[in-house]
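Quick notes on the structure that follows.
The values are calculated or read from the model by the stated rules, or taken from the named source; none is laboratory data. What you see is a predicted model, and the numbers here were worked out from it, not measured in a lab. Please note: Cβ atoms are built from the backbone with ideal geometry, for glycine as well, and neighbour counts cover all protein chains shown.
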């Protein structure tokens, strides 16, 4: 028998793990203990905003499919619109 503990928080009825995503295959017995202690720090998405800013400010040369000759699928890549339909 293996026991694992996960720390996180519950918001709007969903459990959010603090560190890594929990992925378990199969069916297990679980015990969830909810502590009546409010979270001191806000859940922040500042890292996502910073990443988006870095991507927008990137001035390096854009890579092309020709830059990767070993990645030849024998056909042109399919470019999709926002609605998921091919051009």
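Some notes on this structure:
- One residue alone among 13, 26, 8 is under 25 Å from the mean Cα position of the chain (by Cα), surrounded by 10 or more Cβ atoms within 10 Å (Cβ to Cβ) and at pLDDT 80 or above, and that residue is 8.
- Of all residues in region 41-50, exactly one satisfies the criterion of being assigned to a helix (DSSP H, G or I) and modelled with pLDDT under 80, namely 46.
- Some residue of region 30-40 being in contact with a strand residue (DSSP E or B) (Cβ under 9 Å, 6 or more places away or on another chain) and either exposed (fewer than 10 other Cβ atoms within 10 Å of the Cβ) or not in a loop (DSSP other than H, G, I, E, B) (or both): yes
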